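Each value in this text was obtained by applying a stated rule to the coordinates, not by laboratory testing. None of the values given here were measured: they were computed from a predicted structure. Here the Cβ positions follow ideal geometry from the backbone for every residue, glycine too, while neighbour counts run over all protein chains shown.
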Amino acid sequence: MEMSELKNKSLSELHRSLGEMREELRELRFKVSERQLAQVRRVRALKRRIAQVLTAINHRAKAATKPAGQKS
């Protein structure tokens, strides 16, 4: 998922996808601990996507609280 795609999504869609990704990460961690997951790299990639979604959410929150006359 690219950052440009995240910018086009609504805030509720971002929160929904964040919840889904966190649930998937939880399941992957269980599989890693039980040695059922062959591709451990998927955990790293998923954590990165979660961080990107959180960044997009935080940018929107920061932009919403910024006074009207200030530049970024």
Residue pairs within 7 Å by beta carbon, gap of at least six or interchain, first lying in the stretch 36-54 and under 18 Å from residue 13 (Cβ atoms), second outside any helix (DSSP H, G or I), listed first then second, are 49/1; 52/1
Evaluation of residue 57 against (1) surrounded by 11 or more Cβ atoms within 10 Å (Cβ to Cβ); (2) free of Cβ contacts under 8 Å to residues at least 24 places away in the same chain (one fails), failing number
(2)
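Restricting attention to the stretch 12-44, which residues are basic (Lys, Arg) and part of a helix (DSSP H, G or I)? Reasoning before the result, please.
Taking the stretch 12-44 and keeping what is basic (Lys, Arg), we get 16, 22, 26, 29, 31, 35, 41-42, 44.
Across the stretch 12-44, the qualifying residues are 16, 22, 26, 29, 31, 41, 42, 44.
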Would it be correct to say that residue 47 is surrounded by 11 or more Cβ atoms within 10 Å (Cβ to Cβ) and part of a helix (DSSP H, G or I)?
yes
Could you please give the count of residues in the stretch 12-24 that are more than 12 Å from residue 53 (Cβ to Cβ) and surrounded by 12 or more Cβ atoms within 10 Å (Cβ to Cβ)?
1
